[in-house]
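Please read the structure below before turning to the comments.
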Amino acid sequence: QHLGRGGYHQYAFHWSVNPVPPRLLLHRLNQQDALRHSWDGLVAGTDGSVDERAEQMGGAYVLGADPDPIMVFSARVGGPLASTRAEAASLLQLLRDVRQRYGHHVHLLIFVDCLVVLDILRKWGRSDFHPGPKEVIHFTVIRPLIDELRQWAGNITLLKVKSHTGCLLNERADELAELGRTTEGPEICPGPQKYGSFWLRVRPETRRLAEACGKPLPRDSAPNRSLLEKVAGSHALRAVRQRSTVFVTDLFDHTEGHTVSKLIRRCTPSEYRVWLKCMTGTYPVQVYLKRIGKAQSPICLHCGEGTPESLTHFACVCPQFREARTSAHNKVRDVVTSFLSSTLGSEWTMFEETRMSSTGLILSSTSQATAEQWGRRQPDWVLVSQRHKRIAIVDLCRPSDVHPAQLLAAAMRKQQTYLPLLEALRYYSDQGWTIHVFPWVVGIRGMIDPSHVHSLLKFLEIPNQHWQTAV
């Protein structure tokens, strides 16, 4: 009956007509918010929400645990972006509204899911309280909150609960806080304004150009220093993209370079320097050293085959560095395996670096090889789904990506290598199974064609929200 009530379906479990079933009563007594059932006074929950991408904050509270709360509130929160500020602002607004309506003699139980705010309130005034800069900037909200708490004549209990765990008041406040980020009306707890003669604002045209480059700028109320840094970075990126060097062409003009251009910042400085040398053609291989007059010959000094030592030869061909290539290959494979293990559905079985004969699949002899020979093949992954009647043969490849065409050529070579294996699996194809070969190609400099990865993820029916992570 309760589940049929409009508007409260997700919360119907929290309410029950008398008498309360014994099992439900036992469940309530062991929940984080069990105190609300025996509290003599008002019960409330507060929450804050922050969207850093949109630079928006919202705060909300819910007073009363009945299906129709006594009071609800949600609004935008001003000031520096931080969940601490949004949580403290919603708590301050609750105390002010309750005092105005009921006075400050009522007993109040408030569920809060922000440990940072509670920790600041607990340590305030103590000799061992040493707030950092990120906490000090929110004292314009914390200090009025402290004053409200000190003036309260009734009992106030702030109870820490874990968010998104089913606590009624916290869940309802969380929903309102998300809505509060975009509500109309004035902000609560607005941040410091720019007073004085030097107030920077970004021209609309500059904002449009920055967004076109994928570098949105902060709001005009942001600190001047932040605006200057972001605008300068946007202009530098636009200036770089207008050049026609090898570095710019490979990184920005080709689709294969978009991913590494966004992720290279995660590398250590030493890794970045090596990558930059590879991208600009200045990695110290013999061909480059000969060109700048630092070597007598461009011939490779390690393999003795008389081959010029280019970056492609050094990273992909020279037998002297075979173990290093294998190590790099294995590191990439481990990352992909971790991703597949966490996102694949339970209906898929994954075999990593397993011989075909050990996967349990039935192989047949073909005109090119016997079943025993096909059983020795060992792709990086074989993914089998009995439910979907699908088999994916996936093999990792790290070719040279000095030229964009090399990635496509490497993918086609992998396809040609494993396509005959489809004939060896004809036992399954004759029964209506779908079998595909998917090359996972990652260039030595980080270039990657997302379409190759997307085709595999689509075949495996991995949700779209994980595709960007995979690439």
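Bear in mind these aren't lab numbers, they're just calculated from the coordinates by the rules spelled out. These figures come from a predicted structure and were not determined experimentally. Cβ placement follows ideal geometry from the backbone for every residue including glycine, while neighbour counts extend to all protein chains displayed.
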DSSP H segments from the chain that extend 24 Å or more along their own axis, Cα-based, with Kyte-Doolittle mean of -0.5 or above: 224-241, 405-424
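With a Förster radius of 41 Å, plug the Cβ-Cβ distance of residue 130 and residue 468 into 1/(1 + (r/R0)^6) and report the FRET value to the nearest 0.05.
Working: r = 40 Å, r/R0 = 0.97.
Between residue 130 and residue 468 the formula returns 0.55.
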Under the Karplus curve 6.51 cos²θ - 1.76 cosθ + 1.60, θ = phi - 60°, whole-Hz ³J(HN,Hα) for region 243-259, x wherever Gly or Pro sits: 7, 10, 6, 4, 4, 5, 4, 5, 7, 10, 8, 10, 4, 5, x, 5, 5
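Using a simple charge model, +1 on the beta-carbon of Lys and Arg, -1 on the beta-carbon of Asp and Glu, nothing else, what dipole does the chain show about its Cα centre, in debye to the nearest 20? It would help to have the intermediate numbers written out before the result.
Values: 56 positive and 45 negative charges, 244 e Å.
Roughly 1180 debye for the chain.
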Local electrostatic count, residue 333, Cβ distance below 9 Å [Lys/Arg +1, Asp/Glu -1]: -3
Inter-probe distance in nm under a simple model that places probes 7 Å from Cα toward Cβ, at residue 118 and residue 357: 6.1 nm
Theoretical FRET efficiency, 1/(1+(r/R0)^6), r = Cβ-Cβ of residue 242 and residue 329, R0 35 Å, to 0.05: 0.45
Residue 390 long-range amide H proximity, modeled H, under 5 Å: 385, 434
Candidate lysines - alpha carbon under 25 Å from residue 458, same-chain residues fewer than 8 apart omitted: 262, 331, 389, 414
Over region 340-469, relative contact order from alpha-carbon pairs under 8 Å, at least 6 apart, %: 25 percent
Correct option for log10 I(q)/I(0) by the Debye sum over Cα atoms at q = 0.07 Å⁻¹ [calculated from the coordinates] among [x] -0.45; [y] -0.64; [z] -0.35: [y]
Relative contact order, percent, the chain [alpha-carbon distance under 8 Å, six or more residues apart]: 11 percent
Sequence-separation-based contact order of region 52-141, relative, with Cα cut under 8 Å and 6+ spacing, percent: 26 percent
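Rounded to the nearest 0.05, what FRET efficiency is calculated for residue 258 and residue 426 with R0 set to 41 Å and r the Cβ-Cβ distance? All intermediate terms of the calculation are to be shown ahead of the outcome.
Working: r = 39 Å, r/R0 = 0.96.
It comes out at approximately 0.55.
Order these peptides, 60-73, 220-233, by their mean beta-carbon neighbour count within 10 angstrom, highest first.
Working: 60-73: 18.5, 220-233: 13.9.
Highest mean packing first, the order is 60-73, 220-233.
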Burial ranking of peptide ranges 133-143, 257-267 (average Cβ count within 10 Å, highest at the top): 133-143, 257-267
Positive-end residue, the chain charge dipole about Cα centroid, Cβ charges, pick of 24, 185, 400: 400
Charge tally in the Cβ shell below 13 Å around residue 347, where Lys, Arg are +1 and Asp, Glu are -1, residue 347 excluded: +2
